[in-house]
Structure formats: structure tokens, C-alpha cells
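Comments concern the structure below.
Nothing in this text is a laboratory measurement; each read-out follows from the coordinates by a stated rule. Computed from a predicted structure; not experimentally measured. Cβ: placed from backbone, ideal geometry, glycine included. Neighbour counts: every protein chain shown.
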Amino acid sequence: MLKVENLNVHYGNIHAIKDLNIEINKGEIICLIGANGAGKTSTLHSISKLIIPSSGKMFFEGEEITNLSTTEIVKRGLIQVPEGRRVFANLTVLENLELGAYLKTNKKEVEKDMEKVFNRFPRLYERKTQLAGTLSGGEQQMLAMGRALMASPKLLLLDEPSMGLAPLLIQEVFNIVQEINKEMGITILIVEQNANMALKISDRAYILETGNIIKSGNAKNLLHDEAVREAYLG
Ligand code: ATP
């Protein structure tokens, strides 16, 4: 479904991503694991076109997307949930969700999608007129995911969804990620420092160290890999 070939990202003299290759099949949950500064966000932002890589090619559903804009990527169903719950604090929950559907012209379809999002996140329904900035951290993460769902993603890119959340909420967020994958048939690429939880819900994983993939494979196997456990699972 998504193929990233020989991706390189430079920030001035810093070579942040080095000849990175990733492949994601339809229906999978894939996680990208790495320590602070390993290059996880740079990889995601390259895919969603928030930064321009120095070289590399990308293909989505068989078509080259290397030089497309973010809007064109969104139209094709490649949607990113940003790190750190970037919701529009001064807008209501409802307005935030409506923004997720900004490229859609069919009002009926938007209403239907909204209903689906509220069914999945009943707490957002209860708080639909509340300003997003006053939601709790966990609720903001749900809103960020709900907003992404409003864009009808085929591939959802999740940037550290567990960041800054209490353990119970982290579990809830990962459960929701699994539900979105299994029940809605949405393919998922998840970037996480919380390797333990991410590996548990993923099919396959890539381990990133200073811009290089140092290991990849079946997530359950990596969960039991000695070197991975030592470096990332404590
Ligand atoms: P974290 O988990 O801390 O968010 P990450 O794995 O997502 O880290 P990136 O944010 O992709 O890592 O950063 C990879 C490297 O690129 C780091 O060394 C970082 O300092 C550097 N970097 C990222 N963005 C920039 C930038 N705008 N200018 C200069 N260097 C940058």
C-alpha cells in the first residue's frame, strides 16, 4: 500500500534519515520505534509532505506520490494525526471534527462520518460544544484521532499517540488504534517511544536508530528479541 524507497532527510549538516526503506501492506498495523531523535517524526513528516526530503521515492497504492502536496496526499486517504494532540484549542469539538472533513463537499457524507466518529468516541459527543483546549489530554488525543477519521483515511499515520498520557489512557488509546484497524479496515503506521505497547498491537515493526533501520520484522518476535528488549523495553 505504501512504499518508501531510499529516503534521505537533511537539516543543514544533519543527516537525519539515511537511505530508509519501508513497506506497508493493506490492513497492517506497522510501528516505527526509536529513541528521542532517532528520526521517527522526520520519517512521518516526509510521508505526509510536511517536510521535503533530500532524496527518495514514495508510492501509495501503486502510484508515485513523491512530489505531491499535502492536500493531494490527504485526498488520496493518507492522513496524519500530529504529535502532542494538536487540536484547535479555541474551536469546539464539533468544529475541530468538521475541519477534518475540509476537503469533502458532500454534506450528507460528512454527517454520516461524524456519526461514526461519535459512536467510536462517545466522550467527544458528550463534549461536542466544549472548547477543545479545555479537554483533558486523553480527550484531546481522541479528538485528534476523530478529526483524522473525518478525512476517511486509508492509511493513518499516528505520531506518538501515547505521549504524555497516564498509563490507563495509553491502554485506551492503543485499544482504539486496534479497533480503528480491525473494525474500520484502516491501515496504520504508528510512531512510538512506548515500544512495549506499540509492538503488542502491531503486525510488523521497524526499529530506527540515528536515521537507520537497524532491525525489522514480525512485531511479536521483536517483542521477545533480547537486543530490542534491552534497548527499548527496559
Ligand atoms: P522524538 O522522539 O524526540 O520526537 P524523533 O525520533 O521523532 O525524536 P526527529 O524529530 O525526526 O526524531 O529528529 C531526527 C534528528 O533530526 C534529530 O537529531 C533532530 O535534532 C534533528 N532535527 C529534527 N528536526 C530538525 C530541524 N527542523 N532542524 C534541525 N534538526 C532537526
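Some values worked out for this structure:
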{"read-out": "For LEU91, residues with placed amide H under 5 Å, excluding near neighbours", "value": "ALA132, GLY133"}
{"read-out": "Viscosity 1.002 mPa s, temperature 20 °C, Stokes-Einstein D of the chain from Kirkwood C-alpha radius, µm²/s", "value": "119"}
{"read-out": "Cα gyration tensor category, rounded, prolate or oblate, for region 83-126 with a/c compared to 1.5", "value": "oblate"}
{"read-out": "Bridge type composition, the chain - antiparallel percent by DSSP, nearest 5", "value": "55"}
{"read-out": "Residue pairs, from the table LYS3/LYS107; LYS104/LYS200; LYS3/LYS215; LYS57/LYS108; LYS3/LYS182; LYS26/LYS75, whose Cα atoms sit over 29 Å apart", "value": "LYS3/LYS107; LYS104/LYS200; LYS57/LYS108"}
{"read-out": "Peptide ranges 156-163, 213-220 listed from the most packed, as the mean C-beta count within 10 angstrom indicates", "value": "156-163, 213-220"}
{"read-out": "Check: region 2-233 dipole with +1 on Lys, Arg Cβ and -1 on Asp, Glu Cβ, in debye", "value": "400"}
